[in-house]
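The values are calculated or read from the model by the stated rules, or taken from the named source; none is laboratory data. Note that the structure is predicted; figures quoted are calculated from it, not measured. Positions of Cβ are generated from backbone atoms using ideal geometry, with glycine treated the same way; all protein chains shown enter the neighbour counts. Surface accessibility is based on the protein's heavy atoms, side chains included, excluding ligands, DNA and RNA. Shrake-Rupley method; radii C 1.70, N 1.55, O 1.52, S 1.80 Å.
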Amino acid sequence: MVVLGLLAALFTAVAYGLATVLQGVGTRRLAVAPVDARLLLRLARSLPYLAGLALDGVGFVASVLALRVLPLFLVQAAVASSIGVTALGARIWLGARLGRREQVDLAVIGAGLLLLAVSAEAEGADPLSPPGQWLVLVVTVLVAGFAALAARAPADRSAIALAAAAGLGFSAVGVAARGIEVGPPWWTVLAEPLLWALAVGGLVALTCYAAALQRGSVTVVAAVTIAVETVVPAVVGYLVLGDRARPGFLPVAVTGLVLTLAGGIGLARHAEPEIVAAP
């Protein structure tokens, strides 16, 4: 089960990384627009964005499989490492260059993931209490409201806020996927608050991330989103869902998480692909 979970987490990183490149191309071809359902409708006419969205969907399924057997801190760190795949994809398909700093960041990400892989303990999550499930849903809705207000600010100011909101949306998806329980009969899951938190969180994350990419630097948006979606679920998983490292491996897991996060943020800062808008 551990090997299957690790393979699913690795596939998630690859899918999300390539999806970011395609979504960056698609969003930059559109004019800045309000954060609402109309933005997604406009993006639905962009083939690069749709291709990226499809990869996001496949990656999400893989991440859910990984979250059923692996702790949040490992899966979310794998998601954070997708920035490395983005950088490599930008180099291959967009002609972006990777300097020595970027290569070091990639090596740091690889080392962090290796440490996390050897330290993680495969196990299911502790059940989340009904009030806790509703709290996840309520917080997700509040994040959506915050994003709607933040979008009214000037573009340079709203980009970071929207990137943080996207990170919180992705965090809600991770926590919900890790904590949700599907028992017989299967349709009872439709009444689970975590299912709706997962759906709302995903919608918030996709919308806010697209809007942030329109308004700000790809590197800044990616860095903020990576930091939030990695740290918040890791803390929630450890404090609430019973995620643990193997006995005696907690320092190794913490080091791996820090290295992966530092490498991801460093790579986002140093390697911004040049995406040329369509004429």
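Between Leu115, Leu259, Leu47, which gets the highest mean-square fluctuation from a Gaussian network model of the chain, Cα cutoff 10 Å?
Of Leu115, Leu259, Leu47, the Gaussian network model singles out Leu47 as fluctuating most.
Identify the residues of region 163-200 with backbone N under 16 Å of a label point that sits 7 angstrom from the Cα of Arg152 along the Cα-to-Cβ direction, or state none.
No residues fall inside that zone.
Quick check on region 73-196: take the gyration tensor over C-alpha atoms, sort the square-rooted eigenvalues as a ≥ b ≥ c, and tell me if it's rounded (a/c under 1.5), prolate or oblate. Let's see the in-between values first.
Values: a/c = 2.71, a/b = 1.34, b/c = 2.03.
The shape class here is oblate.
From the square roots a ≥ b ≥ c of the eigenvalues of the alpha-carbon gyration tensor of the chain, which class results: rounded (a/c under 1.5), prolate (a/b over b/c), or oblate? Intermediate values should be presented prior to the final figure.
Values: a/c = 1.78, a/b = 1.18, b/c = 1.51.
Verdict is oblate for the chain.
Put a dot 7 Å past each Cα toward the Cβ at Ala111 and Ala44; how far apart are the dots in nm?
Rounded to a tenth, the inter-label distance reads 4.7 nm.
Please work out how much length the chain gains when fully extended from Arg97 to Leu142, using 0.36 nm per residue of separation minus the C-alpha to C-alpha distance, in nm with one decimal.
Between Arg97 and Leu142, full extension yields an extra 12.2 nm.
For the full complex of protein chains and a 1.4 angstrom probe, list Glu181, Glu123 by accessible area with the highest value first. Don't skip to the end; give the middle numbers.
Details: Glu181 105, Glu123 55 Å².
These residues rank, largest area first, as Glu181, Glu123.
Using a 1.4 Å probe on the protein heavy atoms, what percent of the accessible area of the chain belongs to carbon and sulfur?
Carbon and sulfur: 71 percent of the exposed surface of the chain.
Grab the Cα-Cα distance for Thr188 and Val61, subtract it from 0.36 nm times how many residues apart they are, and report the gain in nm with one decimal.
43.7 nm
For region 139-270, what is the accessible area per residue in Å², given a 1.4 Å probe and the full set of protein chains?
On a per-residue basis, region 139-270 sits at 42 Å².
With every protein chain in place, what's the accessible area of Ser63 (1.4 Å probe, Å², nearest 10)?
Here the residue's solvent-accessible area equals roughly 10 Å².
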